[in-house]
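Below is one structure, written out as structure tokens; comments come after it.
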Amino acid sequence: MKKILLFILSFAWVAYADTQRVVYPYFDVTVGGKSISTSYKVKSKYNYYFDREKDEMVYNKDLFYNVTSFDGLGVDIDFKGGVILRDILPFSFVPFLNVGVFYVNGTEEYKYYSLDKDEFQRKWTRAYISLLLGVMVYPFELNDSSLQGVFVSIAAGPSLMEYSSNGNQMSNIEQETVIVLELGNVWSVSEHYAIGLSGKIAWGFSFDGDNKDDVPVNSTAFGLALKLVRK
């Protein structure tokens, strides 16, 4: 990630040194709501399960344990800072650094084994913070078009999550690698400022390096937000 960041900064600096007229600072802030769904389970090594009704051990090749899912809604805030390059390419190009914060309340469902009929539920509060590197494109900004403010961006990087239940803060923190795709439109309100709407979808992945049988922590999130842009 350090090499990627260095490449983006070097590229921006070279372009800026060559021609100050095509490189401008870029900042945007989005505030909105987001829903998230996560799932986690661990593949059983031996695939044997104690069936209480039959009072015997049962073999199942698709047996998992620690089967967990979570669904929640919350507030999503993120900030992008970078540079916007114009007139070099047929579109405007923005390399950026993205800092995001997501606070969510939801319900977790848990089974000890995937064949269990009993399922436990509890309320959780989760706080996510992410640091992402990405690129954004305004494909129609250089044309006199009604689509001038349309943009699309993609970013990736680490996300840390801390959680609590019933107000009791937990000490452990989980980490994911997040990929975020964002699409939206902004409308100019002055020479350098614009406001608009954006929608995003994010995917999270994580692997336990100590257990190769672990299924990744998969999260999928959808969000809608208001966006303020300075470019």
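The values are calculated or read from the model by the stated rules, or taken from the named source; none is laboratory data. Just so you know, these numbers come straight off a predicted model, no measurement behind them. Cβ placement follows ideal geometry from the backbone for every residue including glycine, while neighbour counts extend to all protein chains displayed. Surface areas here come from the heavy atoms of the whole protein model, side chains and all, with no ligands, DNA or RNA. Shrake-Rupley method; radii C 1.70, N 1.55, O 1.52, S 1.80 Å.
Mind scanning Lys61/Lys117; Lys61/Lys200; Lys34/Lys231 and naming the pairs with a C-alpha gap bigger than 29 Å? Result: Lys61/Lys200 exceed 29 Å.
For region 15-141, a simple Cβ point-charge model (Lys and Arg +1, Asp and Glu -1, everything else neutral) yields a dipole of about 200 debye relative to the Cα centre. Taking the protein heavy atoms of region 44-87 in the context of the full set of protein chains, the accessible area attributed to carbon and sulfur is 52 percent at 1.4 Å. Solvent-accessible area per residue in region 63-174 equals 52 Å², computed with a 1.4 angstrom probe and all protein chains kept.
Taking GluC sites (Glu not before Pro) across region 98-151, the ones in a DSSP loop with at most 12 further Cβ atoms lying within 10 angstrom of their Cβ are Glu119. Sorting 193-200, 97-104 by their mean Cβ neighbour count within 10 Å, with the most densely packed peptide first, gives 97-104, 193-200.
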